[in-house]
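**Q** Before anything else, here's the structure in question.
The values are calculated or read from the model by the stated rules, or taken from the named source; none is laboratory data. Just so you know, these numbers come straight off a predicted model, no measurement behind them. Using ideal geometry, Cβ is built from the backbone for each residue, glycine included, and neighbour counts are taken over all protein chains shown.
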């Protein structure tokens, strides 16, 4: 199935010069969405993770079904103020400011292999911050799995040597 046709390109969103890749048509088509999950499951298996961690918020849409199909726990990595229990926090820079991610302190057992999942990857800044959170709990990021990998962005140095698997490339 050609999933590219289910990703709408919206020019100048959220700001001028950006080509936004809108996945809502893919999510609205059950066959396309299911096929995308199937493809991501195949990619995810290559990492042999113990845990799937989805990055807020679209990482939840893909990470949770992947974890169910693989029979693995799912851990949400959330934006600030969304988790009720004791948590670890990391602040990271964005091209337009900064943001904060959080994770519960009991999210992983020491030594667990964690696969980070999101809808797309561009520069890798959010993945670097997420990896720092995982490491702060003595777990290890074994890879990154995304639906869409965007090229043409200055990649974060963190991504050097990291294994990134994606279903689609733009």
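**Q** Name every residue in region 100-123 that is at pLDDT below 95 and more than 12 Å from the chain's Cα centre (by Cα), in order of residue number.
**A** 123
**Q** Which residue is surrounded by the fewest Cβ atoms within 10 Å (Cβ to Cβ), if the candidates are limited to region 137-160 and must be in contact with a strand residue (DSSP E or B) (Cβ under 8 Å, 6 or more places away or on another chain) and part of a loop (DSSP other than H, G, I, E, B)?
**A** Step by step, filter region 137-160, then rank; the result is 151.
**Q** With the requirement that a residue be free of Cβ contacts under 8 Å to residues at least 24 places away in the same chain and either farther than 23 Å from residue 88 by Cα or in a strand (DSSP E or B) (or both), what does region 46-75 give you?
**A** Here is the first cut: in region 46-75, the ones free of Cβ contacts under 8 Å to residues at least 24 places away in the same chain are 57, 60, 64, 67-68, 71-74.
Matches in region 46-75: 68, 71, 74.
**Q** Let me ask something else about it. Do we have residue 167 as in contact with a helix residue (DSSP H, G or I) (Cβ under 7 Å, 6 or more places away or on another chain), under 23 Å from residue 45 (Cβ atoms), touching a residue at least 12 places away in the same chain (Cβ under 8 Å) and buried (at least 19 other Cβ atoms within 10 Å of the Cβ) here? Spell out how you get there, then give the answer.
**A** Details: in contact with a helix residue (DSSP H, G or I) (Cβ under 7 Å, 6 or more places away or on another chain): yes; under 23 Å from residue 45 (Cβ atoms): yes; touching a residue at least 12 places away in the same chain (Cβ under 8 Å): yes; buried (at least 19 other Cβ atoms within 10 Å of the Cβ): yes.
Taking the combined requirement at face value, the residue satisfies it.
**Q** Same structure again: State the number of residues belonging to region 1-41 that are assigned to a helix (DSSP H, G or I), without any contact (Cβ under 8 Å) to a residue 60 or more places away in the chain and farther than 18 Å from residue 59 by Cα.
**A** Looking only at that region, the number is 2.
**Q** Looking for something part of a strand (DSSP E or B) and farther than 22 Å from residue 51 by Cβ - is there at least one such residue anywhere in region 118-126?
**A** No; the residues of region 118-126 include none that is part of a strand (DSSP E or B) and farther than 22 Å from residue 51 by Cβ.
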